Every structure is written in structure tokens, then in C-alpha cells.
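The values are calculated or read from the model by the stated rules, or taken from the named source; none is laboratory data. Remember, predicted model here, so these are calculated numbers, not experimental data. Glycine gets a Cβ as well: all are built from the backbone with ideal geometry, and neighbour counts include every protein chain shown. We work out accessible area using only protein heavy atoms, side chains counted, and drop any ligands, DNA or RNA first. Shrake-Rupley method; radii C 1.70, N 1.55, O 1.52, S 1.80 Å.
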Amino acid sequence: MKFVVGDMAITTAGMDGDDRAIEFQVTTESEPEGTTRPGHFAIHRDHEAGWEAARLTVDPDSGGIPVAAVEWAVEFAREYL
């Protein structure tokens with residue numbers, strides 16, 4: 001799924017089979033396509049654990065990730081994880 005939030009395009013890149021993780025890619029319109037790597041990160045949560053135990057992992061090769069994209073992704077993940 002792809003969502004546009006302000007000048008950001010946030011794409012869900014994948015979910016694991018147990019719906020315990022969602023991967024996201026984020027690009028901004030202010031950066032011409034192909035000039036920077038999109039930000040790539042994932043939110044993980046075990047069903048037995050509360051949101052206090054949720055984790056955010058960032059691909060070390062990704063570009064910068066706007067905090068607003070992470071905030072949006074957390075709200076999205078709360079609905080689907």
C-alpha cells in the first residue's frame with residue numbers, strides 16, 4: 001500500500017506471515033527520485049507483548065527517515081499489528 005502524507009510517500013514494503021512486523025519505505029517529494037536512497041525501516045511487535053515492547057529497526061543503508069514518517073507508521077502499525 002502507498003500513502004501520501006504531506007510531501008512524503010510512505011509505502012508498506014512487506015509484512016511477515018504472522019503480522020508481527022511491517023516494513024516501510026519513505027521518500028519525500030522535495031528529493032528528486034533516484035538522488036537519494038529511500039528511508040527503509042520496520043516496526044516489530046510480538047502479540048504477547050504490549051506496545052511498550054515494540055521495536056523500530058532502521059536499515060543501515062537507508063537514507064534519512066523523517067520523524068513524521070515514523071509517527072505515521074506507528075499509528076498505522078497500531079491498527080494492523
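The table below lists the values:
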quantity: The chain, accessible surface, carbon-and-sulfur percent (1.4 angstrom probe); calculated: 49 percent
quantity: Estimated 222 nm signal from helices in the chain, with DSSP H stretches of n ≥ 4 weighted -39500 (n - 2.57), rounded to 500; calculated: -5500 deg cm²/dmol
quantity: Among 61-68, 21-28, 49-56, the order from most to least packed when residues are scored by Cβ within 10 Å on average; calculated: 21-28, 61-68, 49-56
quantity: Å² per residue, accessible surface of the chain at 1.4 Å; calculated: 64 Å²
quantity: Full-extension gain in nm, Arg55 to Val4, via 0.36 nm per residue minus C-alpha separation; calculated: 16.0 nm
quantity: Cα pair distances in the chain, grouped into 10 Å bins until the bin that holds the longest one, percent each; calculated: 18, 53, 24, 5, 0
